[in-house]
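Input: a single structure, listed below in structure tokens.
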Amino acid sequence: LPPTPTALRPTASEVLSRVFGFDSFRGEQEAIVDQVVAGGDAVVLMPTGGGKSLCYQVPSIVREGTGVVISPLIALMQDQVDALLAVGVSAAFLNSTQSAEERDRVERAYLAGELDLLYVAPERLGSESTKRFLANGRIALFAIDEAHCVSQWGHDFRPDYLSLGDLAERWPDVPRIALTATATDATHREITDRLHLSKARHFVASFDRPNIQYRIVPKNEPRKQLVDFIRKEGAGQAGIVYALSRNTVEKTAAHLQANGITALPYHAGLDASLRQRTQSRFLREDGIVIVATIAFGMGIDKPDVRFVAHIDLPKSVEGYYQETGRAGRDGEASVAWLAYGLQDVVQLRRMIDESPGDLAHRRRMAAHLDAMLALCETVECRRRNLLSYFGQPSEPCGNCDTCLDPPAVWDGTIPAQKLLSTIVRLKRERNQEFGAGHLIDILRGKTTARTSQHSHETIATWGIGADLSEQQWRGVVRQLLAKRLLATRGEYGTLGLTESSAEVLSGSMPVPMRTEPERRASSGSARR
Ligand code: ADP
Ligand code: ZN
């Protein structure tokens, strides 16, 4: 086909209004679109819901040829393509779920220049045959979505992304735009380096989502806490509850249903057609709560999700930010609520210790978890902590739990010393290691079958911690783990000292701790 004369091609703002039905671009969208339409490269860091898709969809339509979109989320390609077809944009995808015939049809349409957008899974672009095929058509641009997947330091590394750097050499004249909602400095640098985007313009949007209220509470009775939270603040509203395991997802959904909340489970173990039905009910009906593993939500564009609740600790701040970012895309007040407890820390640390992969990989995962724990245990503004993690300084926000209800800080040095010296004694005198529960029984002087069996009543620290409740002790253990003043070991998660523990024992390191809200709210009156 001969190229369409420039004069006949629509401008970006015409496409925006005629095709997508929007009056104006948002934020930096216009500058980004202009950059790519003019043939330049772009790196776009924009939070979830910021409007990344238009940044490559509009230039794909304006420019001659097909916009090739690399997206790792095969399950979402169909949705994205359907949404485009619905507004009259010619779009298709190529991935492993298709029959040979479907693939043929898409390939012919591409070669005939009939497609505005073609979505491709990253592993396909690693293959020479795909590249040869693409070279036989006309490419308007490459859009690399979820570009943080190229970062080995990130939380979502995908090896297939590494080969995308070659696009620059093979198609030097085709503009490339890389987009992500994850934006630590390190990830940003890696995207730029590995995707060979040295000449790109960089567009970094604010990662603040001011309408989302961040709240993090210690986990005691997660299901009850969750029901209370939803009844008080999310009754009849759409929400997403995230849990780590399929089993927890199933049980939690059943528990919510038993409490009169319309909750549906969603995880990768469920039948695809059921998942599809669940997803469309969530999109179409009011007030559905989805209980899901992280498999749910990527690319789901529901503007009025009023809350995102986590009943297990996310593995990274990036993941937490991305998942909570699914709340309040419409800009209305929404809540991100997280309950986390000692067991989460123990379990995630163990998963890291036992994970396959080299030491460097485990160290990275540990660093991600530590940053998440620091966010949980901070006595300062949550949003400020979150934004500073993404390299964006800010003032206390006034719309998170610590701003609204500043936590009391108490001096946990003496309890910490009691706990650490119990661990030291058991190790030194008896060569024994125990988990949190048993150590707390010793400190509180609570006789159990196990304490009798080991005659732990004779230990010097027996009962010296009776002034704190079991729950308070769990808080102490959790905070010491978060501060790496205590470590878990082995398959049973027994507790041991770290390099820094000695400084606590010697009294040279004070240990300020966050007062658990439960102590104040135990009367049953939660803060409004
Ligand atoms: P992201 O990919 O950054 O998470 P999306 O591209 O899915 O965000 O956009 C989020 C929502 O904002 C979508 O519903 C989209 O239609 C809407 N949107 C994006 N740009 C505009 C705009 N300029 N005007 C109005 N709505 C927009
Ligand atoms: Zn705040």
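Any read-out appearing in this document is the output of simple, stated calculations on the displayed coordinates, not a laboratory observation. Remember, predicted model here, so these are calculated numbers, not experimental data. Cβ coordinates were reconstructed from backbone atoms using ideal geometry, including for glycine residues, and neighbour counts include every protein chain displayed.
Per-residue Karplus couplings for the stretch 173-190, computed as 6.51 cos²θ - 1.76 cosθ + 1.60 with θ equal to phi - 60°, are listed in order as 9, 8, x, 10, 10, 9, 10, 7, 9, 10, 9, 5, 3, 4, 5, 4, 4, 5 Hz, Gly and Pro entered as x. Within a straight-line Cα-Cα reach of under 28 Å, residue 199 can be paired with the following lysines, leaving aside sequence neighbours fewer than 8 residues apart in one chain: 52, 131.
Only Lys, Arg, Asp and Glu carry charge here, each on its Cβ (+1 for the first two, -1 for the last two); on that basis the stretch 52-157 has a dipole of about 300 debye about its Cα centre.
The residue 425 and residue 487 beta-carbon pair, evaluated with R₀ = 25 Å, returns a calculated FRET efficiency of approximately 0.90. Quick check: pseudo-label points 7 Å beyond the Cα along Cα→Cβ at residue 280 and residue 112, how many nm apart are they? With each label point 7 Å from Cα toward Cβ, the separation is 2.8 nm. At full extension, residue 448 and residue 204 could sit 82.1 nm farther apart than now, given 0.36 nm per residue minus the alpha carbon distance.
Amide H to amide H distances under 5 Å link residue 143 with 68, 69, 70, 177, where only residues 5 or more positions off or on other chains count and H is placed in the peptide plane. What residue among 389, 122, 181 has its Cα farthest toward the positive end of the dipole of the chain, where the charges are +1 on Lys, Arg and -1 on Asp, Glu, each on the Cβ? Of the candidates, 389 comes out farthest on the positive side. Classify the stretch 74-180: rounded, prolate or oblate, from the alpha-carbon gyration tensor (a ≥ b ≥ c, eigenvalue square roots; a/c under 1.5 rounded; otherwise prolate if a/b is larger than b/c)? Note, shape of the stretch 74-180 comes out prolate. Since only 62, 109, 148 are under comparison, the one whose Cα sits farthest along the positive direction of the charge dipole of the chain, derived from C-beta charges on Lys, Arg, Asp and Glu, is 148. For the chain, the gyration tensor built on C-alpha atoms gives a prolate shape. Its axis ratio a/c (a ≥ b ≥ c) is at least 1.5, and a/b is the larger of a/b and b/c.
Computed from backbone phi with θ = phi - 60° and the Karplus coefficients 6.51, -1.76 and 1.60, the 3J(HN,Hα) list for the stretch 492-498 is 9, x, 5, 9, x, 7, 10 Hz; x is used for glycine and proline.
Dipole magnitude for the chain: computed about the Cα centre from +1 point charges on Lys and Arg Cβ and -1 point charges on Asp and Glu Cβ, it is near 1260 debye. Relative to the Cα centre, the charge distribution of the stretch 89-135, modelled as +1 at Lys and Arg Cβ and -1 at Asp and Glu Cβ, gives a dipole magnitude of about 120 debye.
Sequence-ordered 3J(HN,Hα) estimates for the stretch 19-32 from the Karplus curve with 6.51, -1.76 and 1.60 and θ = phi - 60° stand at 8, 9, x, 9, 6, 8, 6, 9, x, 8, 3, 5, 5, 5 Hz, glycine and proline given as x. Ordering 414, 89, 204 by Cα displacement along the dipole of the chain toward the positive end leaves 414 in first place; charges were set at the Cβ atoms of Lys, Arg (+1) and Asp, Glu (-1). Cα centroid separation, the stretch 320-370 to the stretch 184-241: 11 Å.
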